[in-house]
Amino acid sequence: MSTTAPGSLFLAEDPRALVAWGTTDYYIGRAHLVPRGRAAGLCSMPVDEHWRHRPPGHRPCPECAITWVNELFPLPSSAARLDQSA
């Protein structure tokens, strides 16, 4: 069962199926999260190679990681703090 929301890139049961890893010769040592079917990472960096798993020796791109977390955990319209009584 998919939980895709309008305007969201990723909301699905297993969001890992929607992205691959990508590398580029321009930014050596970084692995970018690339939405399936796209030629650039979530940070907009074009990638030269696509990988199913993060390639050894490559660290995740921080900009891709932040975008990924923001997509997986969008801000609700009204958020309550955990320490507030309901």
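Rounded if a/c is under 1.5, else prolate if a/b is larger than b/c, else oblate: which is the range 15-72, with a ≥ b ≥ c the root eigenvalues of its Cα gyration tensor? Can you show the working numbers first?
Numbers: a/c = 1.43, a/b = 1.31, b/c = 1.09.
Cα axes put the range 15-72 in the rounded bin.
Extending each Cα 7 Å along its Cβ direction at Arg59 and Ser77, get the distance between those two points in nm, one decimal.
Calculated label separation equals 4.0 nm.
All of the numbers you see were taken from the coordinates with simple rules; none came from a lab. Predicted model only: the values in this text are computed from it and were never measured. Cβ sites come from the backbone with ideal geometry, for glycine too, and all protein chains shown count toward neighbours.
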